[in-house]
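What follows is a set of notes on a single structure, which appears directly below.
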Amino acid sequence: MTKLAWRRTWFQIHKWIGLILAILIIPLSLSGAALVWHDTLDRIVNPARYQISGTTQRTPDVYADAARAALRPGERIAQLSLPEGHGPITVAAAPASADPGRRGPPPRTMIYLDPPTARVLDVAGSQAGLVRFLHILHGSLQIPGLGRTIVGWIGVAMLLSSMTGLWLWWPTVGSWSRGLRWRRHRNTDSNLHHMIGFWIALPLFVLSLTGVWISFPGVFGGGRGGPDRGGQRAVPLAEPGQPLDLVVARAASVRRGALRSIAWPTSASADWTVTYANGQVVKIADDNGVAVAAPARRPGGLARTMRRLHDGGGMGIVWQIVIFLGGIAPAVLAVTGIIMWWRAREWRSKAASARGGRTAPR
């Protein structure tokens, strides 16, 4: 194929990816951009749960007692989490039995407590609220079961779109620097499409690649699947054999550090799990109270890197701004691309009419 033939082929691929997937790319990209600022957004839409009176913490059993008073009948505490720095104590509670017809883990009730007083700040479902809605929208388009796979294939399409877009941006005549000119076309939307497409091509490629990796962990060896796997969380025990204060004391005799979370024993594992800030973990048998150091939780490797690149967690403000713009850009490119296609369609229609032809516009 000649260079011109290749260019026409890439143009058709690039055009139809944008036209067919625009309605999905826009919410997917905008939700991803918003989730770059996940913590800030949550504080804006849920201010009550962050109105803490200080950072002084009480013992975990005090928080557990306060949370139980806010639970609905039949709910059981599954986990208690303590913040790093300024934030509420979080207690997750699960229903006593799971709905057998429900895909994925059952929703939990989240109780937010004031660290110094153990006062209940907010109670909300784990699947409720704007931030959680955006997470599910971005991860599965709010489609149970197949949603994650669909998002993964959209990521593949966006990979191809970013590569073909860069090919089409490259000037056919003269130096590549000619492509950096603003007025390559008569229309503002066309100039905007080419300019944004060039500057965002590399970040968009990275975001698409990492998104595909996350959507298909089994293919890339990046870990287990996500919430769409259809599994169920084990049910927390109704009456654990070991009191919480004793569990914390037994764990402290094995490991030292700032306490971060305590997971209750369940129907699947009759062990308490105590995690510290340094990643150290202690398992406490619920029947006899024996504490044993477990392998530290140190998520790492390529899968960890891919997720951090995708959501910006711990990557610094510069990369977070880049991927925020990388989330906004596809929506702008989709809109300007549709405008360009519609204008070309009208132009072909007028040209055909002027020639007296009856060829339908494509």
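The values are calculated or read from the model by the stated rules, or taken from the named source; none is laboratory data. Everything numeric here is computed off the predicted structure, so don't read it as measured data. Cβ sites come from the backbone with ideal geometry, for glycine too, and all protein chains shown count toward neighbours. Surface areas here come from the heavy atoms of the whole protein model, side chains and all, with no ligands, DNA or RNA. Shrake-Rupley method; radii C 1.70, N 1.55, O 1.52, S 1.80 Å.
At a glance:
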item	result
Estimated FRET transfer efficiency (Leu24, Ser53; beta-carbon r; R0 25 Å; 0.05)	0.05
Kyte-Doolittle mean at least -1.0, axial Cα span of 24 Å or more - DSSP H helices of the chain	3-35, 147-169, 188-215, 316-354
Pairwise Cα inverse-distance average, inverted: Kirkwood Rh of the chain (Å)	23.9 Å
Expected 222 nm ellipticity per residue - DSSP helices of 4 or more, -39500 (n - 2.57), all of the chain, to 500	-16500 deg cm²/dmol
Under-5 Å amide H pairs with Ala78, H placed in peptide plane, nonlocal only	Ala92, Ala93, Ala94
Built amide H within the under 5 Å cut-off of Ala294, gap 5+	Val281, Val282, Lys283
Residue-normalised accessible area of the chain, given per residue in Å² at a 1.4 Å probe	55 Å²
Three principal axis lengths of the range 1-94 [C-alpha, angstrom, descending]	74, 32, 22
Extension gain (nm, one decimal) between Ser253 and Ile338, 0.36 nm per residue minus Cα-Cα	24.2 nm
Amide H contacts of Gln127 (H built 1.01 Å from N, under 5 Å, at least 5 apart or other chain)	Arg108
